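Take a look at the structure below.
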Amino acid sequence: MADLAPNTQKVYEAIKKLGATSEDKLKTADDIMKAAGVGKAIVTAALQDLVNKGYAKRVARQKSAGYYVIK
């Protein structure tokens, strides 16, 4: 986790706290934003970072993408 910025780590912890640990328990960026207590832009950037580094997975859906942690 040392390779994650503080805000990214906060978002990662929020996803875990929400219980989004598999594809059938997806959470939206809005859910994550509320849980992490940070702004949408921070959450969006952090989610992208988590996906790029292999900590989380993004699943495209009809209304909004969902995310869950894979590490």
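Across the stretch 30-51, the number of residues qualifying as closer than 12 Å to G66 by Cβ and either surrounded by 18 or more Cβ atoms within 10 Å (Cβ to Cβ) or of a type in the set (F, W, Y) (or both) comes to 3. Just one residue in the set A35, A45, A65 is within 13 Å of A14 (Cα to Cα), at pLDDT 95 or above and under 11 Å from the mean Cα position of the chain (by Cα); that residue is A35.
Going residue by residue through the stretch 3-11, is there one that turns out to be loosely packed, with under 15 Cβ neighbours inside 10 Å, more than 8 Å from the chain's Cα centre (by Cα) and among the basic types (K, R)? For the stretch 3-11, residues loosely packed, with under 15 Cβ neighbours inside 10 Å, more than 8 Å from the chain's Cα centre (by Cα) and among the basic types (K, R): absent. Selection within the stretch 16-71: residues that are among the charged types (D, E, K, R) and part of a strand (DSSP E or B). The member of this set that is farthest from D3 (Cα to Cα) is K27.
The values are calculated or read from the model by the stated rules, or taken from the named source; none is laboratory data. Predicted model, so just to flag it, every value in this text is computed and none were measured. Backbone-built Cβ (ideal geometry, glycine too); neighbour counts: all protein chains shown.
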